[in-house]
1. Give the residue, chosen from A:F42, A:F31, A:F72, that is under 24 Å from B:N293 (Cβ atoms) and out of contact with any Ser or Thr (no Cβ under 6 Å at 6 or more places or on another chain).
2. Do any helices (runs of 4 or more DSSP H) entirely within segment B:579-694 hold 2 or more residues that are surrounded by fewer than 13 Cβ atoms within 10 Å (Cβ to Cβ), modelled with pLDDT of 95 or more and not basic (K, R), and if so, which?
3. State which residue is nearest to the chain's Cα centre (by Cα) when the search covers only segment A:153-182 and only residues that are in contact (Cβ under 8 Å) with a residue 60 or more places away in the chain and within 18 Å of A:W32 (Cβ to Cβ).
4. Can A:L44 be described as in contact (Cβ under 8 Å) with a residue 12 or more places away in the chain, surrounded by 20 or more Cβ atoms within 10 Å (Cβ to Cβ) and over 16 Å from the mean Cα position of the chain (by Cα)?
5. Go through the residues of segment A:125-141 one by one and say whether even a single one is more than 11 Å from every other protein chain (Cβ to nearest Cβ), closer than 23 Å to A:A33 by Cβ, assigned to a helix (DSSP H, G or I) and not small (G, A, S).
6. In segment B:47-105, how many residues are among the polar types (S, T, N, Q), out of contact with any Leu (no Cβ under 6 Å at 6 or more places or on another chain) and in a helix (DSSP H, G or I)?
7. Exactly one condition in (1) touching a residue at least 60 places away in the same chain (Cβ under 8 Å); (2) within 27 Å of B:R240 (Cα to Cα) is false for B:A591; which is it?
8. With B:A636, B:A685, B:A658 as the choices, which residue is away from chain A (no Cβ under 14 Å), under 28 Å from B:T453 (Cβ atoms) and over 27 Å from the mean Cα position of the chain (by Cα)?
Amino acid sequence: MTAGETKHPGLNLGSTDAQAHEAAGSALFGFWAFLMSDAVIFALLFATYGVMLPATAGGPTPASEYKIGPTFLETLVLLTSSLTYGLASIAMKHGAAQASIQTWLGLTLALGLLFLGLELHDFAGMIAHGATPMRSGFLSAFFALVPLHGLHVLAGSLWIVVMMAQLRIIGLDARVKINLLRLGLFWHFLDIIWIAIFSTVYLPGLIP
Amino acid sequence: MSAPLLPALLGRFRWDALPFVRAWENPNANELIAAGAGALVVAGALFMVVLITRLGRWRWLWTEWLTSLDHKKIGIMYIVIALVMLARALIEANLMRLQQAVAIGNPGLVAPEHFAELFSTHGSIMIFFMAMPFLTGLINYLVPLQIGARDVAYPLLNAIGLWLTAAGAGLMMAPLVIGRFSTGGWSGYPPFTEIGFNPGVGPDYWIWAITLGSIASTLAGINIAVTIYKMRCPGMTLMRMPLFAWTSLCTAILMIFAMPPLTVATALLALDRYLDFHFFTNALGGNMMHYANLFWMFGHPEVYIVILPAFGIYSEVVSTFSSKELYGYNSLVIATMAIAVLSFTVWLHHFFTMGQSPSLNAVFGIATMAIGVPTGVKIYNWIWTMFRGEVRFTTPMCYALAFMMTFVLGGLTGIILAFPPLDYIVHNTLFLVAHFHNMLISGTLYGLLAAYTFWFPKAFGFRLDERWGKISCACWVIGFYLAFMPLYVLGAAGMARRTPAVMETAYRPWLYAAEVGALVLFCGFVALLVQLWVSLRNRAATRVFAGDPWDGRALEWSIAAPPPEYNFARLPQVDQRHWFFDAKRKGAPYAPPARYEDIQMPKNSAVAPIIGIASTAAGFALVWHMWWLAILGVLAVVATVITRSFARDTHRLIPASAVERMERTWLDAVARARPIPREMETTPANAGLAEVHP
């Protein structure tokens, strides 16, 4: 397992850019380690949610608050944004024109922002009829877990803006490539977290 | 109570937040002690500013240290923070012992609230801002040298970790001068620390100091793990790494997985306090037990985060000063890994008495006893390493021996606590306090001090004074036994921990003995300072520029002391575990490379200090509800990170000619040095070249 024998698994730059590919090895490994530690944070918030689920303190319950329509739409939007990010990665790997990378990144950003808008709309609806995080332990746990994912999407969107600017100003140098690979990991990670939210928070919550 | 001053600008600051104002209004012993401590901090800071200005060293400090990305300098700065914080927490320990010794049947010197602040800061500092920075500093300094790397994987991230630690330490020091600290102990249990019971700034100081520290440790963990996985020199397989590198790897993995629970616990507590959430409140569905679980999911692995590196240190020290190969390297590696894994399975033993079923307690009790097995394996490994070795009783070795005796004793009392029925009798008494000090002073502090003495000549190029080292070691050992053995007795007799005043006069002799012990421990620290002073004055006679004063085994001893910025002029190619040790026996350990090459190193960067200062400001502003400054601080951090991501000119080259010049100077010194047999290693004759018997 010494240097040179192991490479970053997943979409790397391989023969298209051997030098960046080499550097990507340790750069991306560290990002995986960061994601693992971030995953622990989400895991604990899922556990918190599970513990607090019965603690509704006579207030709103999951069944009264969650709506399948908007959350399903949000799921579709976010999963599609992962697809568009994947297409941006492939465009970068195979040396496509900058314009096409920018287009796919822009599309991902738009979908990310759309997701955030839909989610904020959901939250606003909940808060409007009294389901605020101050109301009960259950709602506190909900508003710690789901908006933290939203905050990650916001950070990811900001990151996409920065990368689009760097592509324009600096071009596709090794560091931009590596950061796009990192951002890709981050973006897909958020998808996985969302799938967990959708299937352990929203879906069971809809069963009265 | 004075009125808030300019609330829009200064939040909830009032004049009586200043201990000096409180002492002026109400000059009793309690307030005067608080004001005195505050004055000491202010005077210390002013003294440093004046001293640096007088010496004209600001530019030097900024370019050589504060903005440096050199892992060795960052490591040293971590250790400086740790030593400053150690001094403070040790003074607090003495004050607590003094209070309990005089407050027998009377209120004593400090008020109960003040006493609670003392044990809260003492614990928080010793864990988060003494043990953690000290060991992170050692790992930072040593691991790249031991695995034959020129740097860590992420030099800038490394500096950011250092500065976030400094920011947290700053927030620990601030309440001495502005406001008060938490009274909720180092674990900060709600609902006591909730806004309903504790509306002041104290718990907020605790939350933000700890949060900054835990984020810094997560970053450090990622950096260390990636460095060890990805940066080892050719031939350095995992099973060829020195044991300290192994324990560093396990500690790094624990940091990655165990710090997030702490971040979550403090963040949820902050949500409760700032935004009226109900995670741990008494009403509206809050669940305090959930905090206990989150906190100890961090808290127990944390014990091994601070102890495993010390195990690595003892392995290096015992093997070196016995002139023998470490006995049972493989079993030590396996035991280290076993401890790292098991450390996640025992957290519930921190609250056996909090209402879960006896069968659950039994499971965790058995897991707790199981973790003693790999630790026992290690003790035998070190004993067998010494067996028939050429043992020298140098200062680090004395620490190692004191550790083995003391740690086993603490382990035995740990087994007592691991039995839930026995734990019911002694929980929350001084017995527990005695137990964990028994583990952490011998298991961590002795290890850190052994490492400090052992590797000091590597880092600074001259040896520390042996005589003062031994005096210090004797103080730490005798002081420990005097201070903590009485606490076992008191705890078994039922004296509760964290008691500000004592009603039972029969406790008196034991409390007096413990007070003397605390004084002796403080003398240990003073002796360390004297040792440093004496060694600095005599440094001309104790230089070890050749780099190998102890006939070392690992790669860090194969280069100059202090090492050049680039560590290795040519990356070593190792073919076995004791490559350097063996090369010395075969005769050519210092062969110069065929030709020197340019070496690329990271440029200095102001990013980390900016992030550190901005996070200090943000944390401080959150404590005092100065919202404008909090927002500004967070935005400054984000803006700095984004701006840095555009930087491309981040490296500089050390030309081959400069490398050659430095290496030749060193190789000439090696050629001139007289090889020293082991019996002369603490004499001035030792210039850092070991005499070897093939």
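1. Testing whether each residue is under 24 Å from B:N293 (Cβ atoms) and out of contact with any Ser or Thr (no Cβ under 6 Å at 6 or more places or on another chain) leaves just A:F42.
2. Those helices (runs of 4 or more DSSP H) span B:627-646, B:656-672.
3. Here the residue is A:R182.
4. So A:L44 fails the test.
5. No, that holds for no residue.
6. Final tally of qualifying residues: 3.
7. Every condition holds for B:A591 apart from (1).
8. From the options B:A636, B:A685, B:A658, the qualifying one is B:A685.
The values are calculated or read from the model by the stated rules, or taken from the named source; none is laboratory data. A quick note: this is a predicted structure, and the numbers were derived from the prediction, not measured. Every residue, glycine among them, receives a Cβ derived from its backbone with ideal geometry; neighbour counts consider all protein chains shown.
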